[in-house]
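> Once you've had a glance at the structure underneath, I'll fire off some questions.
Since every read-out is calculated from the coordinates, none of them should be taken as a lab result. Everything quoted here is computed from the prediction, not taken from an experiment. Positions of Cβ are generated from backbone atoms using ideal geometry, with glycine treated the same way; all protein chains shown enter the neighbour counts.
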Amino acid sequence: MESLKGKTAVITGSSRGIGRGCALVLARYGCNIVINYVESSEKAQEVAEEITGLGVESLVVRADVSREQDVKSMIGSAISTFGGIDILVNNAGIHQHLKTWELSLEDWNRVIATNLTGVFLCSREAVSHMKKVGSGSIINISSCVAFTGTDHEIHYASTKAGILGFTKSLALEVASYNIRVNAVSPGFFATDMVLPLITSEEMKSLETKIPLGRLGAPEDIGNAVAFLASDRAQYITGEVLHVNGGLIMY
Ligand code: NAP
């Protein structure tokens, strides 16, 4: 992973959970990190302190990925602070545990705006810069529910499936600029998104359904992201890497 040393990575939604895990793994490999959050200012600062302890630099940026102006200024700050962006991890996401008939149009639009429009806005800004330098790697965080469906959050599943089409289309558009675009599809991970929804008994039952016997840890996604961002994946683009402990097999 020597190729990651000195690179700059923007990781959306890296104040907590999977984004934080990605930030810490990439920092351990020597990347400077742009930590993004929308509400958790203190948690983002804590991640920055951990990263400083790893001997690399970080920049904390509050930006709502669904807002065009926020995204433009986040990417602009990243470029002016570190001189460029080499890696973008589109990780920020929200969900909502409701049936289709319980969803308002506002619910639907909010999830689409964060999980899918946010990926478009951040990728568009990053690609404009990466095209000029002739290299870059974008990694989009999808979900296993893009493949399996889910019976309680159709808007969320729709965004995660949309990310797969987005990934392949952008990969085709930017391959000639030496920019690679891939997706990572997590199974179940022990984060704030999942833990409040399940009791400890349900957790035990879920673990028995996962062939590797445990929920994922954020750094499991960080390791997959680091591989895809590195030169070891230099011939991989438009792909989806499943990281789910064997939960779904095809
Ligand atoms: P999480 O613990 O709830 O963390 C979500 C992160 O996204 C936080 O850093 C949050 O920032 C940020 N965020 C939310 N809305 C944002 C916005 N509008 N602009 C910028 N940042 C925003 O979630 P997670 O479990 O780590 O999930 C991370 C990604 O993995 C998501 O895309 C999720 O869909 C995907 N995923 C998760 C699982 C799982 O099992 N956990 C499974 C499959 C896929 P604040 O802290 O400031 O609120």
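> Go through (1) closer than 21 Å to Gly222 by Cα; (2) out of contact with any Cys (no Cβ under 8 Å at 6 or more places or on another chain); (3) part of a loop (DSSP other than H, G, I, E, B); (4) not basic (Lys, Arg) and name the single condition Asp64 misses.
(1)
> Among the residues of the range 164-173, are any closer than 20 Å to Ile11 by Cβ, of a type in the set (Gly, Ala, Ser) and either crowded, with 22+ Cβ neighbours inside 10 Å or over 17 Å from the mean Cα position of the chain (by Cα) (or both)?
Looking for residues that are closer than 20 Å to Ile11 by Cβ, of a type in the set (Gly, Ala, Ser) and either crowded, with 22+ Cβ neighbours inside 10 Å or over 17 Å from the mean Cα position of the chain (by Cα) (or both), one finds none in the range 164-173, hence no.
> Out of everything in the range 76-113 that is polar (S, T, N, Q) and in contact (Cβ under 8 Å) with a residue 60 or more places away in the chain, what residue ends up being surrounded by the fewest Cβ atoms within 10 Å (Cβ to Cβ)?
Gln96
> From the list Ile138, Ile75, Ile85, Ile112, which one is more than 10 Å from the ligand (Cβ to nearest atom), part of a strand (DSSP E or B) and under 21 Å from Ala183 (Cα atoms)?
Ile138
> Residues to consider are Ser66, Ser15, Ser73; find the one that is at negative phi and surrounded by fewer than 16 Cβ atoms within 10 Å (Cβ to Cβ).
Ser73
> I would also like to ask the following. Looking at the range 6-19 only, could you name the residues that are within 12 Å of the ligand (Cβ to nearest atom) and either within 22 Å of Glu125 (Cβ to Cβ) or over 13 Å from the mean Cα position of the chain (by Cα) (or both)?
Val10, Ile11, Thr12, Gly13, Ser14, Ser15, Ile18, Gly19
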